[in-house]
1. Output the residues belonging to region 1-33 that are at pLDDT below 70 and under 30 Å from the mean Cα position of the chain (by Cα).
2. Of all residues in region 38-68 being of a type in the set (Lys, Arg) and within 18 Å of the chain's Cα centre (by Cα), which is surrounded by the fewest Cβ atoms within 10 Å (Cβ to Cβ)?
3. Can you tell me which residues in region 73-90 are modelled with pLDDT under 75 and of a type in the set (Gly, Ala, Ser)?
Amino acid sequence: MASSGYVQAVVLLLALQLVCVGAADADHETGTVIPAESRPCVDCHAFEFMQRALQDLKKTAFNLDARTETLVLRAERRALCDCMPTNSLR
């Protein structure tokens, strides 16, 4: 008879545990739902990232273009210096 009471107590505790775990999961799910209207759009973030990357590329291209132009002018000047006296270039 004592083991019958023990089995009933174990079954009761298991049932109680299942009810408590189910209630905890239900509370957890409702607390994490964020309406779609308030969530940022993934495509919008990707678009903003691509815009910033494009701006960075434009700046880099401009800097490289300016640097290339400076180096070309310097090379042309050196070529002229080889042909002409240095005081005639100024």
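1. His28, Glu29, Thr30, Gly31
2. Initially, region 38-68 is screened for residues of a type in the set (Lys, Arg), giving 39, 52, 58-59, 67.
From the residues that got through so far, the ones that are within 18 Å of the chain's Cα centre (by Cα) too are 39, 52.
Details: Arg39: 8, Arg52: 10.
This residue is Arg39.
3. Matches in region 73-90: Ser88 only.
The values are calculated or read from the model by the stated rules, or taken from the named source; none is laboratory data. For clarity, every value in this text was computed on a predicted model and none was experimentally measured. Using ideal geometry, Cβ is built from the backbone for each residue, glycine included, and neighbour counts are taken over all protein chains shown.
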